[in-house]
Amino acid sequence: MKKFLFVIGTLIILVACNNAADSNKGNKAKGDEVTQLKKEVMEAHDITMAQMNTMNKLKKALKEKWQGEGVTDTAVYYQLYADLQKAHDRMMDWMAYFSKNYDDNNMETEAKKKFLVTEKEKITDLAKFTDESIAEAKRLLAE
């Protein structure tokens, strides 16, 4: 009887350990996914932030152009200036929101994943808007 209880007890422990190992593998996979998502979000952020200096130079050039002589359609210059400013403001707002609401240490893995997926969409949209605004400003200034 003791041998039987020993065998049953050993089997229960082995099954429990195996389930814990499987659970840890699942958590590790989710953790890796969160790490990858965060990396993608931060890469998009870094690329867009690197364009801030370019945006500032373009805004200055656009302002000089519409305030200068010989420009009849100042609205198009002002609109591109406003778009560049909007891209800048959206970036500052996104960074403030992200830093206030993302907590690597106190968020559950699923909450992190959901948050990062949403923020990746936002920063990707912002990067696209920024790229388009810069391209349009450069095009107009080259005319």
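Quick check, is residue 91 out of contact with any strand residue (DSSP E or B) (no Cβ under 6 Å at 6 or more places or on another chain), outside any helix (DSSP H, G or I), surrounded by 13 or more Cβ atoms within 10 Å (Cβ to Cβ) and without any contact (Cβ under 8 Å) to a residue 60 or more places away in the chain?
Answer is no for this residue.
Please determine, by comparing only the residues of region 43-82 that are in a loop (DSSP other than H, G, I, E, B) and of a type in the set (S, T, N, Q), which one is farthest from the chain's Cα centre (by Cα). Let's see the steps before the verdict.
Initially, region 43-82 is screened for residues in a loop (DSSP other than H, G, I, E, B), giving 50-51, 68-73.
If we keep only those that are of a type in the set (S, T, N, Q) as well, we get 51, 72.
Working: 51: 15, 72: 40 Å.
Out of the qualifying residues, it is 72.
Show the residue pairs that are 6+ apart or on different chains and have beta-carbon atoms under 8 Å apart, the first residue being within region 66-80 and within 18 Å of residue 55 (Cα to Cα), the second being in a loop (DSSP other than H, G, I, E, B) and among the β-branched types (Val, Ile, Thr).
77/71
Could you pull out the residue among 96, 75, 127, 142 that is loosely packed, with under 12 Cβ neighbours inside 10 Å, out of contact with any strand residue (DSSP E or B) (no Cβ under 7 Å at 6 or more places or on another chain) and modelled with pLDDT of 95 or more?
Every option except 96 fails the conditions.
Looking only at residues that are of a type in the set (A, V, I, L, M) and free of Cβ contacts under 8 Å to residues at least 12 places away in the same chain in region 94-143, which one is nearest to residue 65 (Cα to Cα)? Outline the logic, then answer.
Initial filter on region 94-143 (of a type in the set (A, V, I, L, M)): 95-96, 107, 111, 116-117, 123, 126-127, 134-135, 137, 140-142.
From what is left, the residues that are free of Cβ contacts under 8 Å to residues at least 12 places away in the same chain are 96, 107, 111, 135, 142.
Working: 96: 32, 107: 49, 111: 48, 135: 17, 142: 11 Å.
Looking at the filtered set, the residue picked out is 142.
Considering each of 111, 127 in turn, give the residue that is within 20 Å of residue 49 (Cβ to Cβ), within 17 Å of the chain's Cα centre (by Cα) and either assigned to a helix (DSSP H, G or I) or of a type in the set (Gly, Ala, Ser) (or both). Spell out the reasoning first.
Values: 111 fails: within 20 Å of residue 49 (Cβ to Cβ).
Every option except 127 fails the conditions.
Specify which of the listed residues (25, 86, 39) is out of contact with any His (no Cβ under 9 Å at 6 or more places or on another chain), modelled with pLDDT of 75 or more, under 28 Å from residue 107 (Cβ atoms) and of a type in the set (Lys, Arg).
The unique qualifying residue is 39.
The values are calculated or read from the model by the stated rules, or taken from the named source; none is laboratory data. Here the structure is a predicted model, which means the values were calculated and not measured. In this analysis, Cβ positions are derived from the backbone assuming ideal geometry, glycine residues included, and neighbour counts consider all displayed protein chains.
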